[in-house]
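The values are calculated or read from the model by the stated rules, or taken from the named source; none is laboratory data. What you see is a predicted model, and the numbers here were worked out from it, not measured in a lab. Note: ideal-geometry Cβ built from the backbone for every residue, glycine included; neighbour counts use all protein chains shown.
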Amino acid sequence: MALAPPAEKVTTADLLQRRCDDDSPALFFEDREWSWREFVREAAVRAAALTALRQQQPDGPWHVGVLMDNDPEYLFLVCGAALAGATIVGVNPTRRGAELTSDIARTDCQAIVVGDSYADLVSDFPESVRAVPASGDEYRELLTDAADSTAADWTDPTLQDHHLLLLFTSGSTGAPKAVICSSARLAAIGVLNVHGIKPDDIAYNAMPMFHGNALMSAWAPIAAVGGAFVLRKKFSASNFLPDIQKYGATFFNYVGRSLAYILAQPERPDESSNSLRFGWGTEASARDRDEFSRRFGAPITESYGASEGVCVIVRDETTPPGALGIPNPALGMTVLDPDGNECPPAEFAADGSLLNGSKAIGEIVARDGGARFEGYYNNPEAYADKVRNGDYWSGDLAYRDANGVYWFAGRTNDWIRVDSENFSTAPLERIAARYPGTTGAAAYAVPDPQTGDRVMVTLEYHGDFDADDFLKFMRAQPDLGTKQMPSFVRITEAFPLTATRKLNKAPLRQSGWRTDDPVFVRRDDTFELLDESAAARLSDEFRAHDRAHLIPG
């Protein structure tokens, strides 16, 4: 896998101009189809429309927000901005009230093109921001005038690289940050084409366009090679297979728990009758990847990375199950402790358990990676937290074995401290997820009534849960650490998720055991249901040690 940048800087506008006379399919949406020639023409119309918007508001940054479901208009605007030199802000449609207002204000949006399904959110816009309904007369006239003008044929050979996108992070570890993605970086991701997309590939994308996965992982490589892109309005597990079969898709991308939702659909005898070559995504369990390959006959490729684009690890056929893989040496990635010292290789017992987790687990850092990081818009504090002395600190924990293979160990706030021993959550989650019937596991710290933390695990589980059987199962796992046995087990039908279907632990930590979901507490080495009486006794323990202020919820 080559991760060196192209010898010559290429922009997204360059990729589009290469396709302006290409009559092969570029985009499918529902029952409509555009060739690349037609697609670039639509992008040029949006470039002219964005230029007209700019002329109406010439002051301040040329930032135009887009707030809509997946729609060809979204992609046309992104590509129009690439041709015109504008910046598209991908507004997260799951945000509301003051949070949405803050997102828009700190990204300096001049105007926001709003889809019909989000018209009710306009009241949350800052007063200085224009709302432009995508189906309204003003926007239609803007497009009509652009299409009738010579500007619709406009391509500017002198256009330099610029900030093309502001993409918000998922917010799973704090307030979302607006990641800068330049026109050249998006193009470079496509040209690098680490997954080997071919001109005859058809990529199926149902992931939200406001997130980097859709544009970076699926559309950019398709644009670079001239393949076709299928866009679905919203993700639908039940429509996944029919869509794949309808369009003859050869590749699909996913994020978070999307794969699990697909696998939760009843198995069908025609599932392997498809044209898929492979799927690519992040954060699916090894069990789900194997089960998808069994049912649909296509391999799943996982990789580690983020919208910031500095630290990347791509799995290959040599990667052990459950591991991230080995990063390309050119990226300068390593694992450091909080003092900046390199962590030693992980040591394992014969049963596979990690012996030196407190020393081997550290934060993934890219030496000199700050030079590759384009930054967060209008957020110097977040930038300073990421870039220290030129190095890029990812915020993710990992450990490496003697062969240099990286294993994910959670986020920097995913440490649990029990009896003065620190350990990370990811290894425990992998163990708990083995329990039959479990479709996902999340481990996190909750306060202990006396000192430190207790371990809590939430299982996404459907059916009758047998706490005694779970305890017996956990005791039998040879790689379960001596401090890792959960003190609390919560059973839920569905995890709280971010807008991109990534697990959101913040609500789990905040509620702790104070939830309407069934919770089991371990006492005297058995699990019992935490009813009102048991919860009251637990609260009394906190009060007895002057720690009542730490009771969750």
Looking only at the stretch 245-261, which residues are buried (at least 24 other Cβ atoms within 10 Å of the Cβ) and either of a type in the set (Asp, Glu) or at pLDDT 95 or above (or both)? Ala249, Phe251, Phe252
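Rundown of residues vs (1) assigned to a loop (DSSP other than H, G, I, E, B); (2) charged (D, E, K, R), yes/no style:
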position	(1), (2)
Asp316	yes, yes
Pro320	yes, no
Gly340	yes, no
Ser358	no, no
Glu363	no, yes
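With the structure loaded, tell me whether Thr412 is surrounded by fewer than 21 Cβ atoms within 10 Å (Cβ to Cβ) and either closer than 26 Å to Leu503 by Cα or charged (D, E, K, R) (or both) or whether it fails that test.
So Thr412 fits the description; yes.
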Against the definition (in contact with an Asp or Glu (Cβ under 7 Å, 6 or more places away or on another chain) and surrounded by fewer than 16 Cβ atoms within 10 Å (Cβ to Cβ)), how does Arg388 come out, yes or no? no
Just a yes or no: is a residue in the stretch 445-453 within 22 Å of the chain's Cα centre (by Cα) and not in a loop (DSSP other than H, G, I, E, B)? no
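Matching residues to (1) of a type in the set (D, E, K, R); (2) surrounded by fewer than 23 Cβ atoms within 10 Å (Cβ to Cβ); (3) in contact (Cβ under 8 Å) with a residue 60 or more places away in the chain; (4) out of contact with any His (no Cβ under 7 Å at 6 or more places or on another chain):
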position: Asp31; (1), (2), (3), (4): yes, yes, no, yes
position: Arg37; (1), (2), (3), (4): yes, yes, no, yes
position: Val45; (1), (2), (3), (4): no, no, yes, yes
position: Trp62; (1), (2), (3), (4): no, yes, no, yes
position: Pro72; (1), (2), (3), (4): no, yes, yes, yes
position: Ala81; (1), (2), (3), (4): no, no, yes, yes
position: Arg96; (1), (2), (3), (4): yes, yes, no, yes
Positions within the stretch 383-431 being of a type in the set (Asp, Glu) and under 27 Å from Pro176 (Cα atoms), in sequence order: Asp385, Asp391, Asp396, Asp414, Glu429
Flagged in the stretch 395-406 as crowded, with 22+ Cβ neighbours inside 10 Å, modelled with pLDDT under 95 and in contact with a helix residue (DSSP H, G or I) (Cβ under 8 Å, 6 or more places away or on another chain), in numbering order, are Leu397, Tyr399
The condition from (1) in contact with a helix residue (DSSP H, G or I) (Cβ under 9 Å, 6 or more places away or on another chain); (2) more than 25 Å from Ser353 (Cα to Cα); (3) not polar (S, T, N, Q) that Val489 misses is numbered (2)
Contacts under 9 angstrom Cβ, first residue in the stretch 510-532 being more than 13 Å from Met456 (Cβ to Cβ) and free of Cβ contacts under 8 Å to residues at least 60 places away in the same chain, partner of a type outside the set (A, V, I, L, M, F, W, C) and part of a helix (DSSP H, G or I), 6 or more apart: Thr526/Asp468
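Count, please, the residues in the stretch 264-288 that happen to be part of a helix (DSSP H, G or I) and buried (at least 19 other Cβ atoms within 10 Å of the Cβ).
1
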When (1) buried (at least 16 other Cβ atoms within 10 Å of the Cβ); (2) modelled with pLDDT of 90 or more; (3) among the small types (Gly, Ala, Ser) are applied to Ser172, the one that fails is (2)
Check the stretch 421-434 and report whether any residue there is surrounded by fewer than 20 Cβ atoms within 10 Å (Cβ to Cβ), polar (S, T, N, Q) and assigned to a strand (DSSP E or B). yes
Residue that is touching a strand residue (DSSP E or B) at 6+ places or on another chain (Cβ under 6 Å), surrounded by 14 or more Cβ atoms within 10 Å (Cβ to Cβ) and over 27 Å from Arg257 (Cα atoms), where the choices are Phe488, Phe495, Phe542, Phe527: Phe527
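Considering only residues that are closer than 25 Å to Glu308 by Cα, in contact (Cβ under 8 Å) with a residue 24 or more places away in the chain and surrounded by fewer than 21 Cβ atoms within 10 Å (Cβ to Cβ), which ones fall in the stretch 196-225?
Restricting attention to the stretch 196-225, the residues satisfying the condition of being closer than 25 Å to Glu308 by Cα are 196-197, 203-225.
Now narrow it down to the ones that are in contact (Cβ under 8 Å) with a residue 24 or more places away in the chain: 197, 203-225.
Listed by number, the list holds a single entry, Val225.
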